[in-house]
Amino acid sequence: MLFETVQLEFQPFDEKTSGELLQIYNDPITMKYIPNNPASWNKEQLDQKLSIQLKDYSSGIGIYAVYEKRSGAFIGQAGIYDSFNNRERLEIGYILSSAFWNQGYGTEICIGLLNYCFKTLETKTVVARMYSNNIGSVRVAEKSGMIFLESTALANGLYRSTYIMEYPTTKKPIKKRLS
């Protein structure tokens, strides 16, 4: 296990989990706000993506399977990305099965990733980017304590919001901010 939160466990992917992830990737509701997403995924496409995303596992960078502790259910993926080729500025993201939306898991995933990036990977800055019309993910970033940085127009006519968090000055873990 990579790490855990109150309700969730974050683990490396295995063959069983990649099959479950394929189901999530083929759910149009779940994948509505995922950029550069094919209309449907097959096992070969997913295996190719996973081989790229998992090459940096030893350094803590990559995508991880997220499980609900109570039921043991696989609920999605959480990722830590070296998108800026700078280990002091990492990007986080997640894909949560639509069956688990609106239950607080997105915020718990985000806070868990932030804590892991700052405390374990010792990065200085964490970035999250999402389509601006993805109100759920925008709220997750805000509830997790991230600060809006900018909105960028994309070639597809949509806008991407960027949120950021600098290394906290306190050594205490980041906690959910209630609104």
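Which of rounded, prolate, oblate describes the stretch 93-164, given a ≥ b ≥ c as roots of the alpha-carbon gyration tensor eigenvalues and a/c under 1.5 marking rounded, otherwise prolate only if a/b is larger than b/c?
Values: a/c = 2.16, a/b = 1.20, b/c = 1.80.
Verdict is oblate for the stretch 93-164.
Once P(r) over Cα pairs in 10 Å bins from 0, in percent is calculated for the structure shown, the corresponding label among (1) 8, 24, 23, 13, 8, 7, 6, 6, 4, 2, 0; (2) 9, 39, 41, 11, 0; (3) 9, 32, 32, 17, 9, 1, 0 turns out to be (2).
Can you tell me, using C-alpha contacts under 8 Å and at least 6 residues apart, the relative contact order of the chain as a whole percent? 17 percent.
Of the residues Thr123, Thr5, the one with the largest accessible area comes first in the ranking Thr5, Thr123, computed with a 1.4 Å probe on protein heavy atoms. Explain nothing, just the number: relative contact order of the stretch 1-59, from Cα pairs under 8 Å at least 6 residues apart, as a whole percent. For the stretch 1-59, the relative contact order is 22 percent.
The trypsin sites (Lys or Arg not before Pro) of the stretch 80-175 meeting both criteria, a DSSP state outside H, G, I, E and B (loop) and at most 11 other C-beta atoms within 10 angstrom of the site's C-beta, are Lys171, Lys175.
For the stretch 1-103, what does the alpha-carbon gyration tensor say about shape, rounded, prolate or oblate, given a ≥ b ≥ c as the root eigenvalues, a/c under 1.5 as rounded, and a/b over b/c as prolate? Verdict is rounded for the stretch 1-103.
Pairs of alpha-carbon atoms within less than 8 angstrom and 6+ residues apart define the contacts here; what relative contact order does the stretch 20-116 have, in percent?
Numbers: 106 pairs, mean separation 19.3, N = 97.
Across the stretch 20-116, relative contact order equals 20 percent.
For the stretch 1-86, applying the loop criterion from DSSP together with a ceiling of 14 other beta carbons within 10 Å to the chymotrypsin sites (Phe, Trp or Tyr not before Pro) yields Phe84.
Rounded, prolate or oblate, given the Cα gyration tensor of the stretch 1-51, with a/c below 1.5 counting as rounded?
oblate
The stretch 11-118: which GluC sites (Glu not before Pro) are DSSP loop and have at most 15 other beta-carbon atoms within 10 angstrom?
Values: sites: Glu15, Glu20, Glu44, Glu68, Glu88, Glu91, Glu108; in loops: Glu88.
For GluC sites (Glu not before Pro) across the stretch 11-118 that sit outside H, G, I, E and B with at most 15 neighbouring Cβ atoms in 10 Å, the list reads Glu88.
Ellipticity at 222 nm from helices only: DSSP H runs of n ≥ 4 in the chain, each -39500 (n - 2.57), divided by the residue count, give -7000 deg cm²/dmol.
The values are calculated or read from the model by the stated rules, or taken from the named source; none is laboratory data. Since we're looking at a predicted model, the values are computed, not measured. Counting neighbours? That spans all protein chains shown, and the Cβs are built from the backbone with ideal geometry, glycine included. Note: accessible area is taken over every heavy atom of the protein model, side chains too, but ligands, DNA and RNA are not part of it. Shrake-Rupley method; radii C 1.70, N 1.55, O 1.52, S 1.80 Å.
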